[in-house]
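Report on the following structure.
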Amino acid sequence: MNIDEQKIPQATAKRLPLYYRFLEHLHASGKQRVSSTELSDAVKVDSATIRRDFSYFGALGKKGYGYNVQYLLSFFRKTLNQEEVTKVFLVGVGNLGTALLRYNFAKRDNTQIVAAFDVNEAIVGKEVGGVEVYHIRDIEAVKEEKDATVAILTVPSTAAQLTAESLVEAGVKGILNFTPARITIPEHIRIHHIDLSVELQTLVYFLKHYPLDT
């Protein structure tokens, strides 16, 4: 079973990794069951929404008992394809790209940056965080060898569109765009935008207009 087969709302799909991350923490701490209220307090999603999200997948818990942590963890691991390795390219080895390479998803077994790309000859051929840096012109050849389906884009905004087109031509199916540029790509390619300046402005706005109780 996977998210596509269930045709669940996108808002629910976006919350599933959040639930999964907290369930990993619970399992590591030895907790065997959890209520929707406990989940709500931890992930800051109201319990009614959590119950509705879970309901798309059938009976995952029991009334009066809650949810079995091991079962939920196993279920969402399969649902989120965490049992398969997701190979990732990173394009743009500047300050942000370098930081992401050194982090490399904390070397998790199921998500790995397997190659990086740049146009700077000074770093092409070297390794950053244990990941080799190739020239962007070689992306199709590296794609055949590494078979990554997802790419992280951390290039300058002025290069974002052309770089994204190169990724699409190479066969990448999903792009995580860290640039402020809004990129035009074919509809069958999924792109998610992460604009750090917008996220920071949003945070400051909420701090000012929606202060949390202390």
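Just checking, does the stretch 162-185 include any residue being of a type in the set (Lys, Arg) and either more than 16 Å from Thr86 (Cα to Cα) or without any contact (Cβ under 8 Å) to a residue 12 or more places away in the chain (or both)?
Applying the first criterion (of a type in the set (Lys, Arg)) to the stretch 162-185 yields 173, 182.
With either more than 16 Å from Thr86 (Cα to Cα) or without any contact (Cβ under 8 Å) to a residue 12 or more places away in the chain (or both) added as a condition, the list becomes 182.
For the stretch 162-185, residues of a type in the set (Lys, Arg) and either more than 16 Å from Thr86 (Cα to Cα) or without any contact (Cβ under 8 Å) to a residue 12 or more places away in the chain (or both): present.
Can you find, within the stretch 120-138, the residue that is surrounded by the fewest Cβ atoms within 10 Å (Cβ to Cβ) among those that are over 14 Å from Lys87 (Cα atoms) and touching a residue at least 24 places away in the same chain (Cβ under 8 Å)?
Across the stretch 120-138, the extreme among qualifying residues is Gly130.
Residue-by-condition table, conditions (1) assigned by TED's automatic domain parsing to the domain that holds Arg21; (2) among the aliphatic types (A, V, I, L, M); (3) part of a helix (DSSP H, G or I):
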residue: Val93; (1), (2), (3): no, yes, no
residue: Gln112; (1), (2), (3): no, no, no
residue: Ala116; (1), (2), (3): no, yes, no
residue: Arg137; (1), (2), (3): no, no, yes
residue: Val142; (1), (2), (3): no, yes, yes
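Does Ser35 satisfy being surrounded by fewer than 15 Cβ atoms within 10 Å (Cβ to Cβ), at pLDDT 85 or above and polar (S, T, N, Q)? Can you show your working first?
Details: surrounded by fewer than 15 Cβ atoms within 10 Å (Cβ to Cβ): no; at pLDDT 85 or above: yes; polar (S, T, N, Q): yes.
Taking the combined requirement at face value, the residue does not satisfy it.
The values are calculated or read from the model by the stated rules, or taken from the named source; none is laboratory data. In this text, all values refer to a predicted model and were calculated from it rather than measured experimentally. Please note: Cβ atoms are built from the backbone with ideal geometry, for glycine as well, and neighbour counts cover all protein chains shown.
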